[in-house]
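**Q** Just passing along the structure, written as structure tokens.
The values are calculated or read from the model by the stated rules, or taken from the named source; none is laboratory data. Nothing here was measured: the structure is a model prediction, and the numbers come from that model. So basically every Cβ, Gly included, is an ideal-geometry build from the backbone, and we count neighbours across all protein chains shown. Note: accessible area is taken over every heavy atom of the protein model, side chains too, but ligands, DNA and RNA are not part of it. Shrake-Rupley method; radii C 1.70, N 1.55, O 1.52, S 1.80 Å.
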Amino acid sequence: MPAAAAAAVTDAVPDPYRVALVAFPGIRAFDVSVITEVWGADRTDRGAPAFDLRRVAADGTTAIPMRGGLALHPDRTLDWLDRADLVLIPGLDDHLTPAPAPVLEALRRAHARGITVAALCGGAFTLAQSGLLDGHRAITHWRLIDLLRARHPRVTVVPDALFIEDDNIWTAAGTAAGIDLCLHLVRLAHGAEAAATIARSMVTAPFRTGTQAQFIEHPTPRTDRDADTLAAVREYALRHLHEPLTVAGLAVRAGMSPRSFARHFTAATGTTPLRWLLDQRVAAAQRLLERTDLPMPEVARRAGFGSEVTMRQHFASRLATSPRAYRAAFTGGNSPIAR
């Protein structure tokens with residue numbers, strides 16, 4: 001290959017998305033594993049983006065012990081945060097563990113530069129220590145909500161979300177919600193298909209609806225029959241999104257009254273049937289906008305919205321953008337996440 005052609009090919013390859021895992025004594029091994037599984041595996045052969053995940057610590061050479069006899073070996077110092085596209089803070093084994101002052105200062109500096117910062121589970125306590133959550137909304141594991149409020153009264157603690165964003169700072173509820181947040185961050189930066197590719201390899205759902213309340217207040221269905229029936233109805237709905245589905249019609253398919261169907265559905269998923277259906281249609285429209293050049297009315301029809309106006313309204317309420325702006329962000333090589 002001529003040198004000029006080789007250079008052109010090289011120039012066409014985008015730089016890997018740079019992700020910093022902030023490490024210090026006391027971080028949870030589970031959250032480190034989640035971050036590593038999402039951004040540390042090479043899935044470019046399956047169409048996923050290229051990532052550059054670095055383990056960043058105040059001392060870039062000393063191993064950091066974790067519970068269970070594990071250890072994390074940093075490969076960069078905190079200075080690397082200034083180069084990152086995304087900064088991630090794992091949760092803590094002891095949620096009152098004080099983060100080293102250099103870590104807190106590095107987080108403040110990264111946020112001031114416009115870098116997206118995210119914390120999993122009790123990592124919200126680290127962000128609160130830095131002052132970045134003062135005057136902002138945040139979430140943590142439901143068992144830790146009162147503790148976070150008591151320790152950091154200037155933080156507006158939201159009790160029932162899986163994950164939320166405020167001022168380019170993301171926080172997530174406990175354990176599995178960290179997976180939800182990580183996949184959501186991939187979706188925002190690289191699109192729904194990239195998130196789905198990673199989710200499939202992890203054998204997990206690329207997008208869960210509902211709130212943390214489903215794990216606090218709502219019992220799961222009492223019989224396997226109800227659970228299996230609801231799962232079958234959801235599968236049917238996903239195969240027929242382009243059709244004019246109604247909650248009443250889905251209730252008939254489940255063999256339940258609309259009221260009973262809504263009650264069981266909400267108990268199983270943490271969200272209402274209508275909200276779930278609209279979320280699935282938005283997700284389907286996202287995939288079509290990313291992967292096809294279909295005109296907007298056809299995208300709306302295939303996603304089941306009926307009209308472009310209706311699709312635009314739901315994009316605005318759920319994604320704070322329009323379908324055209326969403327498509328432009330990906331076809332233009334830009335990302336909805338601030339870098």
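**Q** With +1 assigned to the C-beta of every Lys and Arg and -1 to the C-beta of every Asp and Glu, and no other charges, what is the dipole magnitude of the chain about the Cα centre in debye, to the nearest 20? Working shown, then result.
**A** Working: 38 positive and 34 negative charges, 164 e Å.
The calculated dipole for the chain is roughly 780 debye.
**Q** Stretched out fully, how many nm does the piece from ASP79 to ALA63 gain, at 0.36 nm a residue minus the Cα gap?
**A** Full-extension gain reported as 4.0 nm.
**Q** Per 0.36 nm of contour for each residue apart, how much would the distance between SER257 and ARG291 grow if the chain were fully extended, relative to their Cα-Cα spacing? Don't skip to the end; give the middle numbers.
**A** Numbers: separation 34, 0.36 × 34 = 12.24 nm, distance 3.83 nm.
Roughly 8.4 nm would be gained on extension.
**Q** Specify the residue with the greatest mean-square fluctuation among ARG259, ARG327, ARG137, computed from a Gaussian network of the chain linking alpha-carbon atoms under 10 Å apart.
**A** ARG259
**Q** Can you tell me, using C-alpha contacts under 8 Å and at least 6 residues apart, the relative contact order of the chain as a whole percent?
**A** With pairs under 8 Å counted, the relative contact order is 12 percent.
**Q** Calculate for the chain the 222 nm mean residue ellipticity that helices alone would give, adding -39,500 (n - 2.57) per DSSP H run of length 4 or more and normalising by residue count, nearest 500 deg cm²/dmol.
**A** Calculated mean residue ellipticity at 222 nm is -14500 deg cm²/dmol.
**Q** Over the chain, what is the percentage of antiparallel beta bridges among all DSSP beta bridges, to the nearest 5?
**A** The answer is about 30 percent antiparallel.
**Q** Another question about this same structure. Express the carbon and sulfur contribution to the solvent-accessible surface of the chain as a percent, rounded to the nearest whole number, probe 1.4 angstrom.
**A** Summing carbon and sulfur atoms, their accessible area is 53 percent of the total for the chain.
**Q** For a label point 7 Å from the Cα of ALA328 along Cα→C-beta, name the residues of the stretch 274-306 whose backbone N is under 20 Å from it.
**A** Once the point is set 7 Å along Cα→Cβ of ALA328, 285-300 turn out to lie under 20 Å by backbone N, inside the stretch 274-306.
**Q** So what is the accessible area of the chain per residue, in Å², with the probe set to 1.4 Å?
**A** That works out to 47 Å² for each residue.
**Q** For the stretch 11-151, what does the equivalent ellipsoid look like in terms of its semi-axes, each the square root of 5 times an eigenvalue of the Cα gyration tensor, given largest first in whole Å?
**A** On the way: eigenvalues 123, 59, 47 Å².
Over the Cα atoms of the stretch 11-151, the ellipsoid semi-axes are 25, 17, 15 Å.
**Q** Once ligands and nucleic acids are excluded and a 1.4 Å probe is used, how much of LEU96 is accessible, expressed in Å² to the nearest 10?
**A** 80 Å²
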